[in-house]
1. What is the mean projected area of the alpha carbon convex hull for the chain, to one decimal in square nanometres?
2. With a cut-off of 8 Å between alpha carbons and a minimum separation of six or more residues, what is the relative contact order of the chain in percent?
3. Calculated from DSSP H runs of 4 or more alone, at -39500 (n - 2.57) each and per residue, what is the 222 nm mean residue ellipticity of the chain, nearest 500?
4. With +1 on each Lys and Arg Cβ and -1 on each Asp and Glu Cβ, how big is the dipole of the chain about its Cα centre, in debye rounded to the nearest 20?
5. In what sequence, highest mean first, do 69-76, 44-51 appear when ranked by Cβ atoms within 10 angstrom?
6. I'd like the carbon and sulfur percentage of the solvent accessible area for the chain, probe radius 1.4 Å, heavy atoms only, ligands and nucleic acids excluded.
7. Quick one, could you list the DSSP H helices from the chain stretching 20 Å or more along their long axis (Cα atoms) with average Kyte-Doolittle hydropathy of -1.0 or above?
Amino acid sequence: MADSEFEQAVAAVADLTNDPGNDTKLRLYALYKQATVGDADGKRPGFTNPVGRAKYDAWAKLSGTSSEQAEAGYIAEVARLS
């Protein structure tokens, strides 16, 4: 997957006019982190940080996914929203 296509998809998310909802935002976050960082690392946030915990859990579900697959998933998700 071309990096420029991924970068365009990242930029397109900032231009969305409608809120895609928390589930979609979590999926985009997880795909972005998997594509740019790799597998989730560090400790899972505690119960006093529900947002951080949800983000970590969404990202951790993608463990083992290659960065190319994550980029392709991110691009497809953004295309669906556009």
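The values are calculated or read from the model by the stated rules, or taken from the named source; none is laboratory data. Since we're looking at a predicted model, the values are computed, not measured. Using ideal geometry, Cβ is built from the backbone for each residue, glycine included, and neighbour counts are taken over all protein chains shown. All accessible areas refer to the heavy atoms of the entire protein, side chains included, with ligands and DNA or RNA removed. Shrake-Rupley method; radii C 1.70, N 1.55, O 1.52, S 1.80 Å.
1. Values: hull surface 21.6 nm².
Its Cα hull, projected and averaged over all orientations, spans 5.4 nm².
2. On the way: 78 pairs, mean separation 35.5, N = 82.
The value is 43 percent.
3. Values: 4 runs with 53 residues, N = 82.
That comes out to -20500 deg cm²/dmol.
4. 520 debye
5. On the way: 69-76: 19.4, 44-51: 10.0.
Highest-to-lowest ranking by the protection proxy: 69-76, 44-51.
6. Working: 2630 of 5270 Å².
Roughly 50 percent, rounded to a whole number.
7. Values: long enough: 22-36 (21 Å, -0.79); 67-81 (21 Å, -0.09).
Taking the DSSP H segments of the chain (at least 20 Å long, mean hydropathy at least -1.0), we get 22-36, 67-81.
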